[in-house]
Amino acid sequence: MSRVSDAGPDFPAEPGAAASAAAGSRGPSDPQGGATTKASRHGVVFVLVTVFLDMVGYGLIIPVLPALIREVGGLDIGRAAAMAGWMFAAFSVAHFLCAPLAGNLSDRFGRRPLLLLAIFGLGVDFLISAWAPTLFWLFVGRILTGVCGASWVIANAYIADVTAPEERARAFGLMGAAFGLGFVIGPGIGGLLGEFGPRVPFLAAAAISLLNFGYGWFVLRESLAPEKRRPFEWRRANPFGAFRVFRSYPGVLPMCLVLGLFFFSSSVYQAVWTFWGIAKFGWSEGMVGLTLTVFGLVMAGFQGGLTGLFTRRLGEHRTILVGLVCAIVAAFGYGFAGGVVMVFALMVVHGPEGFVHPLLSAAMTRRVPEDAQGELQGGISAIMSVAMLAGTLAFSQTFDFFWNTARGQPSPDVAYWLAGACLSATLLLYLRLARRDGGSGK
């Protein structure tokens, strides 16, 4: 929940960065590749619509997942949160392993078949979850979501195929906008549909994905000409290879530790937000969706509209400090919040946290050469995936442990206090590195 443009709850985070960089040297495909100028335009529109609808589909299910887990498994809210953490782990592992595999398969067989297969698979996954009779089938659905979430990699590569180099920044900017807009709209709709039952949003998400598959079947042309394809190599599909960049360049690894600890800490929101709201305030699915929508709008406003302003006025270093301090205040504040008015007020305080990731990433880009920027972004994406996987598991299990009445007075807030402590450690580590590098005031 801490970054609209990265990893919202249960969603992949920047999985296409490495793939888009790898595809960046290609220009628009020629007619032999099956993509005319008109077809390319249709392809770009389809990819943007796909990103938007995928995020709407993902967002639809967030407000109702706790109710569905409790219904299927017969669990209390604490155990349901712990189970959701393990489901996110299954999703994350599947996505981490399959994203580079999907990108490399698309380099061998073309973008169209892999992208359509991923979209169709996502629709099937939502149907499995909607009809799941047991927790086992919900886990199956989460794993399939992780596998099919690799469509981001292929979508980014498709955009790189069909746009000229000077147009790619704008195209990828539109991709980010589609991502953010879909995630803002999805939870609100999901919360409303959830009033009719926890399975209804899953059916709606399945319908969206399958209709999008039908649309793509007729309008999507192949973007990668046969002569530009390369043989598939397992070595290049190794997901752990992305971590090599952090050993290769001086000063990158310490910043990686800061970024990893930040991702770990901020994953508390995707781990427990929905369960915390239900346990502490008795939120309905509609209220959960409303809070996620409002927060998405606040974060988009800070990330998209105020990052540049703050950076120009304060410099990167002080803006990062503002973001980290606000993140700490918000995390502890949610734990002490006594009502929904205070929660919404804290969302505004929380907004500057959105400065941290892009500015830390920008600082890291200055530590590697220009020809390694794609490798760096792939490494950052890998760090994000692993850190948020660990954080989601840690905070969901913490929520369960301290909510379980058998262990004394139940509290839904301890996970936020733990996250606040971890964010404080992040701030101290960053200050130490900044002093060592002479970065204060920059």
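Observations on the model:
- Only residues that are surrounded by fewer than 24 Cβ atoms within 10 Å (Cβ to Cβ), of a type in the set (Gly, Ala, Ser) and closer than 15 Å to Ala67 by Cα were counted across segment 182-199, and they come to 1.
- Test: residue in segment 340-363 that is of a type in the set (S, T, N, Q), modelled with pLDDT under 90 and under 25 Å from Gly305 (Cβ atoms): yes
- Exactly one residue out of Thr274, Thr311 is buried (at least 22 other Cβ atoms within 10 Å of the Cβ), part of a helix (DSSP H, G or I) and hydroxyl-bearing (Ser, Thr, Tyr), and it is Thr274.
- Flag if Leu389 is under 18 Å from Gly277 (Cα atoms), of a type in the set (A, V, I, L, M), out of contact with any strand residue (DSSP E or B) (no Cβ under 8 Å at 6 or more places or on another chain) and modelled with pLDDT of 85 or more: no
- Hits in segment 117-135 - residues which are surrounded by 20 or more Cβ atoms within 10 Å (Cβ to Cβ) and under 20 Å from Ala160 (Cβ atoms): Ala118, Ile119
- Taking segment 225-237 as the range and being surrounded by 13 or more Cβ atoms within 10 Å (Cβ to Cβ), at pLDDT below 70 and part of a loop (DSSP other than H, G, I, E, B) as the test, only Phe232 passes.
- Restricting segment 208-224 to residues that are part of a helix (DSSP H, G or I) and either without any contact (Cβ under 8 Å) to a residue 60 or more places away in the chain or of a type outside the set (A, V, I, L, M, F, W, C) (or both) leaves a set whose member that is farthest from Leu60 (Cα to Cα) is Phe218.
- Considering Gly73, Gly43, the condition of being at pLDDT below 85, surrounded by 18 or more Cβ atoms within 10 Å (Cβ to Cβ) and touching a helix residue (DSSP H, G or I) at 6+ places or on another chain (Cβ under 7 Å) is satisfied by Gly43 alone.
The values are calculated or read from the model by the stated rules, or taken from the named source; none is laboratory data. What you are looking at is a predicted structure, and each value in this text was computed from that prediction instead of being measured. Note that we place each Cβ from the backbone using ideal geometry, even for glycine, and neighbour counts take in every protein chain shown.
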